[in-house]
Amino acid sequence: MENTEKVKNLIDLRGKAKLGGGEKRIASQHSKGKFTARERIHMLLDEGSFEELDMFVTHRCNNFGLEKEKYLGDGVVIGHGTIDGRSVYVFAQDFTIFGGSLSETMALKICKVMDMAMKMGCPIIGINDSGGARIQEGVTALSGYAEIFERNILASGVIPQISAIFGPCAGGAVYSPALTDFVIMTEQNSYMFVTGPKVVKSVTGEDISIENLGGADVHARKSGVSHFRVADEQTGIQRIRELISYFPQNNLEEAPIENCSDPINRLEDSLNEIIPDNPNSPYDMKVIIAGIVDDGKFLEIHKDYARNIICGFARFNGVSTGIVANQPNFLAGILDCDSSRKAARFVRFCDAFNIPVLTLVDVPGFLPGSGQEYAGIIIHGAKLMFAYGEATVPKVTITIRKSYGGAHDVMSSKQLRGDFNYAWPTAEIAVMGAAGAIEVLEGRAISKIENEEEKASYISAKVNEYKEKFANPYEAASYGYIDDIIEPRNTRFRVIRAFQALQTKKVVNPLKKHSNIPL
Ligand code: HXC
């Protein structure tokens, strides 16, 4: 072959590789409302920044006549590029080639790009669309998955890992996304489950559709496996780009600081009046968040899961910050198993990646009852306590209203190494609410009063006495557990000043192999 022909041959081969499993299968992918692996990568990365690797890799399987069917690149596209000018590594499974099923060589490609992401200290983004282990390959596909899992585990807490599920993700394949930091699922075409509907039916007799078993809605609302449920792939990709903007490249760096045009001393007058006089009336914590962060911009994680707690990213004076906040609008903002787990994982992510944490507290306590006790509220609550107590990033806590009992300790209290703990004048910091406390303390005395009117006035007097003593932040402030009581409308400024003061914070936990968080 002459040299010019060699070049032409290369161009032809590259063109062939870019067609994946062929035009017919690409058309079929499009007909399902799905994009191809390369289209997805091009939407994800800055224009023209993608460098593809391993385009000429083919599978090595000779079973079931597979040696006669080879595609350049096999079933995954890998490489690197940039998002807003910052390097990321990506892999996208190509459903047009053997349904994106995982072969030995595909696993090698994914591992290669994961290793490079680790070596270079850059985030890794995986786009999943696969029929699982390539059936013809057998055990090499299984070991390939395990190689990927091990890399997910070693990369955890070192580089941010994001998984998009834009198609099937079934069987053991679900564990790679589950090991990553954030999972995004599309509403129409994605599903994740360990065993599919047919196996479920044959083993347990349960008749269930694919969507009800492992669709985006199920994992966003019920299991919490997915952090984002999005209408379509374009929105999912936009979400990944947004997420990345809040993260540092790796655990040794800080997140990028954005220019901030929102005045740092902006007063939000409405916050002085947002808390209802009736302590049992709800209000929307998201209004407070929107009022204090830069430009009201907040990227909520796990929006539909355990809605009694809010987690997400925002910026204060351009600095990326994780926010955890009880939501009085849903189950009165109580802590239960799911909300504890959700917030614990979020706090740990922030701590691993040097993202400061702001905690907004309005929590009536832990949800009582056998349901929660049997589900392990003790262990799940301990997770959140552990996460806060172990975290060494700057931690600012604002008690907005209620902060009762064990939940007070858990929600980034001073004693769990909260750096600045402020309270609004509307805060109530006590062992429990007034009504419950009086029932316990005065139960015997109350039962002895026969006249109903007298009983009511006795209870009311005692409740008022209790409220006077505890339903305020001043008692806690008198011990120094609360560093200052701040005017609500000035919260943005106080938060920014607090985090500025914490920029030089250095805390190192005792040397150990690793902690033993109550899992
Ligand atoms: C080899 C596969 C495949 C697989 C799909 N294909 N899955 N090839 N191994 N696992 C091929 C099909 O033969 C077909 O090839 C093409 O991909 C598209 O598949 P279709 O069935 O036509 O597509 P669709 O109707 O959209 O259905 C998608 C699907 C279905 C639901 C994913 O293909 C399916 O159920 N696949 C098997 C899923 C499965 O049981 N996987 C093993 C899980 S166990 P052609 O040539 O026609 O285009 C597992 C263990 C991992 O993964 C353990 C890790 C620890």
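The values are calculated or read from the model by the stated rules, or taken from the named source; none is laboratory data. It should be emphasised that the depicted structure is a prediction, and the values quoted were computed from it without experimental measurement. Virtual Cβ from ideal backbone geometry, glycine too; neighbours counted across all protein chains shown.
Here I124, I135, I110, I97 are screened, and the one residue that is more than 16 Å from the ligand (Cβ to nearest atom), closer than 24 Å to F193 by Cα and either among the hydrophobic types (A, V, I, L, M, F, W, C) or surrounded by 18 or more Cβ atoms within 10 Å (Cβ to Cβ) (or both) is I124.
Take the conditions (1) modelled with pLDDT of 95 or more; (2) near the ligand (Cβ under 10 Å from one of its atoms); L142 misses just one of them, which is (1). Within the stretch 121-169, the set of residues being part of a strand (DSSP E or B), closer than 28 Å to L66 by Cα and of a type outside the set (A, V, I, L, M, F, W, C) comprises G126, N128, P168. Checked against the criterion of being out of contact with any Asp or Glu (no Cβ under 7 Å at 6 or more places or on another chain) and buried (at least 24 other Cβ atoms within 10 Å of the Cβ), the candidates I334, I323 yield just one match: I323. Scanning the stretch 56-77 for any residue that is under 24 Å from S245 (Cβ atoms), more than 11 Å from the ligand (Cβ to nearest atom) and touching a residue at least 12 places away in the same chain (Cβ under 8 Å) turns up at least one such residue. A430 meets the conditions (1) under 19 Å from V363 (Cβ atoms); (2) out of contact with any Ser or Thr (no Cβ under 9 Å at 6 or more places or on another chain) in every case but one. The failed one is (2). If I filter the stretch 249-267 down to residues being more than 27 Å from M118 (Cβ to Cβ) and surrounded by 15 or more Cβ atoms within 10 Å (Cβ to Cβ), which single residue comes out as farthest from the chain's Cα centre (by Cα)? For the stretch 249-267, the residue satisfying everything is L267.
Of all residues in the stretch 5-25, those satisfying the criterion of being within 14 Å of the ligand (Cβ to nearest atom) and in contact with a helix residue (DSSP H, G or I) (Cβ under 9 Å, 6 or more places away or on another chain) are L19, G20, G21. Where strands (runs of 3 or more DSSP E) fall entirely within the stretch 244-344, those with at least 3 residues that are over 23 Å from R221 (Cα atoms) and modelled with pLDDT of 95 or more are at 319-326.
Of all residues in the stretch 170-188, count the ones that are near the ligand (Cβ under 9 Å from one of its atoms) and not in a helix (DSSP H, G or I). Residues meeting the conditions: 1. Residues of the stretch 78-98 that are in contact (Cβ under 8 Å) with a residue 40 or more places away in the chain and not β-branched (V, I, T): H80, G81, D84, R86, S87, A92, Q93, D94, F95, F98. Residues in the stretch 450-473 that are surrounded by 15 or more Cβ atoms within 10 Å (Cβ to Cβ) and either assigned to a helix (DSSP H, G or I) or not small (G, A, S) (or both): K455, Y458, I459, K462, V463, Y466, K467, F470, N472, P473.
Number of residues in the stretch 146-167 that are within 16 Å of the ligand (Cβ to nearest atom) and either modelled with pLDDT under 95 or surrounded by fewer than 20 Cβ atoms within 10 Å (Cβ to Cβ) (or both): the value is 5. Checked against (1) within 16 Å of the ligand (Cβ to nearest atom); (2) within 28 Å of R25 (Cα to Cα); (3) surrounded by fewer than 17 Cβ atoms within 10 Å (Cβ to Cβ); (4) in contact (Cβ under 8 Å) with a residue 24 or more places away in the chain, V199 meets all criteria but (4). Considering the conditions (1) of a type outside the set (S, T, N, Q); (2) touching a helix residue (DSSP H, G or I) at 6+ places or on another chain (Cβ under 8 Å); (3) surrounded by fewer than 23 Cβ atoms within 10 Å (Cβ to Cβ); (4) in contact (Cβ under 8 Å) with a residue 60 or more places away in the chain, K402 is excluded by exactly one of them, (3). Determine, yes or no, whether V88 is touching a Pro at 6+ places or on another chain (Cβ under 6 Å) and of a type outside the set (D, E, K, R). When the stated conditions are applied, V88 passes them. Which residues, taken from the stretch 479-519, are closer than 29 Å to V293 by Cα and polar (S, T, N, Q)? Matches in the stretch 479-519: N490, T491, Q500, Q503, T504. Quick check on T491: is it surrounded by 14 or more Cβ atoms within 10 Å (Cβ to Cβ), at pLDDT 95 or above and touching a His at 6+ places or on another chain (Cβ under 9 Å)? No; evaluated as a whole, the condition is false for this residue. Annotation note: Cβ proximity below 6 Å between a residue of the stretch 32-43 that is touching a residue at least 24 places away in the same chain (Cβ under 8 Å) and closer than 16 Å to Y89 by Cα and a residue that is assigned to a helix (DSSP H, G or I) and not charged (D, E, K, R) (sequence gap 6+ or interchain) occurs for M43/I237. Looking across the stretch 352-399 at every residue that is surrounded by fewer than 23 Cβ atoms within 10 Å (Cβ to Cβ) and of a type in the set (D, E), the one that is farthest from L335 (Cα to Cα) is identified as E390. Can you find, within the stretch 486-519, the residue that is farthest from the chain's Cα centre (by Cα) among those that are aliphatic (A, V, I, L, M) and either closer than 22 Å to P263 by Cα or part of a helix (DSSP H, G or I) (or both)? Only one residue tops the list, namely I486. Total residues in the stretch 406-439 satisfying the condition of being in a loop (DSSP other than H, G, I, E, B) and in contact with a His (Cβ under 9 Å, 6 or more places away or on another chain): the figure is 1.
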